[in-house]
Amino acid sequence: MSLHFSPGEFDVRQRNVVEAMRACKFDGLLLFRQESMYYLTGYDTMGYSQFQCLFMGLEGQLVLLTRSADLRQARITSTIEDVRIWVDREGSDPGMDLQKILDDHGLAGGCLGAELDAYSLTGQRWDMVRSALNGFCSVRDASGLVSRLRLVKSQAEVAYVRRAGELADDALNKARQLAIPGASEQDILAGMHSVIFRGGGDYPASRFIVGAGERALMVRNFSGYGVLADNDQLQLEFGGAFRHYHSCLMRTILTGRPNPQHLAMYSACAEALEACLERCHPGTTFGDIFDTHGRVLDAAGFREQRLNACGYSLGALYPPTWMDWPMLYHGNQMVIQTNMVLFIHMILLDSQKGLAMSLGETVLITDKGGERVSKMDLDLIVN
């Protein structure tokens, strides 16, 4: 097997899930999120683009239902011993295969929890499962059960986050070198990915954002690349990934002579980020962090330019995104705990003036407060 954690760590995680299942009065759990499967067993695949489900029983039983293409993937990367295959054919109904697994484990008439909030569980696939289980057992939403346990990282996970942080720093250094007038966004993107892969990193769960000029106002990846001008702005959102654990950064790099408004936007972002970092201690809520960000940016006159969320949790994530639950937004009462990892970003987008500014950091929560994972300074980069 090719495992990235000790069998003992997987045992602890599985026992914690069983305990949570008992508290919810579930007789079993249907896991559809790839992140949950990786967290509990090490199972590492892109096969979640098709139907797959990991059943977990109250005695810790694990049964993976997947396609033949992932049989060996499961054998090599995970602790799962019981792997069942549903067959690709016209009219395939893996929902019925899942019902047979549950029947084998005596769950007729039982109550199961299911991860309904999963990219792989499309509406059509859920209809198939629901139809197969209708009258056989009851199913309740348990989307947050494993996700809550994943929020607080072990020391082994923290070590992977720190390595991802080193890779993100390498990528920022490369972008700083390459982001000069006349440089293509493609070359900058290629350079950033290259240092991460050469450093032993993984594919990230999200696509990097690299956009100059008016494209700097788009904080989502998009097709098409441009060239940096003499007096330009380059929006960067990127992350290092190691064993699927992420550490992300966000920066706006300027070329030429900075616009005074750019400087004002950067000053506000830097002040807001520092204020948020001071609030990053156990007992603070996710909503408190957002409100701190909002107060500083609003006081600086940027209420209309900021966003309605300023970050989210990070961990071991798979495409399409490294954004993990929960997010930092007003009123979120989720309490911050030691060994959580958050990505906190200040983003200002001025559509009228065509200006953008961002500053984002991955933060590890310690007993003493928030620790920036990156070793890079927060100074505005002007090339």
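What the table below lists for this structure:
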| quantity | calculated |
| --- | --- |
| Spatial extent of the stretch 264-383: Rg and Dmax, with the Cα atoms as the point set, Å | 14.0, 43 |
| Amide H contacts under 5 Å for SER206, placed H, 5+ residues apart | TRP322 |
| Potential extension, VAL12-GLU274 segment - 0.36 nm per residue separation minus Cα distance | 90.7 nm |
| Taking LEU54, LEU355 and counting other C-beta atoms within 10 Å, the order from fewest to most | LEU355, LEU54 |
| Extension reserve of the GLN124-ALA264 stretch, reckoned as 0.36 nm per residue once the Cα distance is removed | 45.5 nm |
| Mean Cβ neighbour count within 10 Å, used as a protection proxy, ranking 182-194, 123-135 highest first | 182-194, 123-135 |
| Amide H partners (placed H, <5 Å) of ALA212, local residues excluded | GLY226, GLN235 |
| Residues MET327, MET56, MET37 arranged by fewest to most Cβ contacts within 10 Å | MET327, MET56, MET37 |
| Volume per residue of the C-alpha convex hull in the stretch 7-150, rounded to whole Å³ | 96 |
| Charged-residue dipole, Cβ positions (Lys, Arg, Asp, Glu), the stretch 200-287 about Cα centre, Debye nearest 20 | 220 |
| Net charge dipole size for the stretch 7-150 [Lys, Arg +1 and Asp, Glu -1 on Cβ; Debye, nearest 20] | 200 |
| Filter on LYS25/LYS368; LYS153/LYS375; LYS25/LYS153 - keep pairs with C-alpha separation over 29 Å | LYS25/LYS368 |
| Per residue, the convex hull volume that the Cα atoms of the stretch 221-264 enclose (Å³) | 104 |
| Long-range HN-HN contacts of GLY311 with modeled amide H, under 5 Å | LEU328, HIS345 |
| Over the stretch 10-74 - Rg/Rh using Cα atoms and the Kirkwood inverse-distance radius | 0.97 |
| For ILE344, ILE253, ILE76, order by how many other beta-carbon atoms lie within 10 Å, fewest first | ILE76, ILE253, ILE344 |
| Chymotrypsin sites (Phe, Trp or Tyr not before Pro) within the stretch 180-273, DSSP loop, no more than 15 other Cβ atoms inside 10 Å | PHE222, TYR225 |
| Note, ³J(HN,Hα) from phi for the stretch 370-383, Karplus 6.51, -1.76, 1.60, rounded to Hz, x at Gly and Pro | x, 10, 5, 6, 5, 9, 6, 6, 9, 5, 5, 8, 10, 10 |
| Inter-site label distance for SER194 and ARG295 at 7 Å from Cα along Cβ, in nm | 4.6 |
| Efficiency of FRET from Cβ geometry, VAL158 and VAL382, R₀ 45 Å, rounded to 0.05 | 0.85 |
| Calculated FRET efficiency for the pair SER131/ALA69, C-beta based, R₀ 25 Å, to 0.05 | 0.50 |
| Candidates per GluC sites (Glu not before Pro) in the stretch 255-339, loop by DSSP, up to 16 other Cβ within 10 Å | GLU304 |
| Sparsely packed trypsin sites (Lys or Arg not before Pro) within the stretch 209-296, loop by DSSP, other Cβ within 10 Å at most 14 | ARG220 |
| Kirkwood Rh and Cα Rg combined as Rg/Rh, the stretch 100-229 | 1.18 |
| By average C-beta atoms within 10 angstrom, highest first, the peptides 61-73, 89-101 | 61-73, 89-101 |
| The chain: projected area of the alpha-carbon convex hull, averaged over directions, in nm² | 19.6 |
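Throughout, read-outs are computed from the coordinates displayed, never taken from laboratory work. All of these numbers come straight from a predicted model, not from anything done at the bench. All Cβ positions, even for glycine, are placed from backbone atoms using ideal geometry, and neighbour counts span all protein chains on display.
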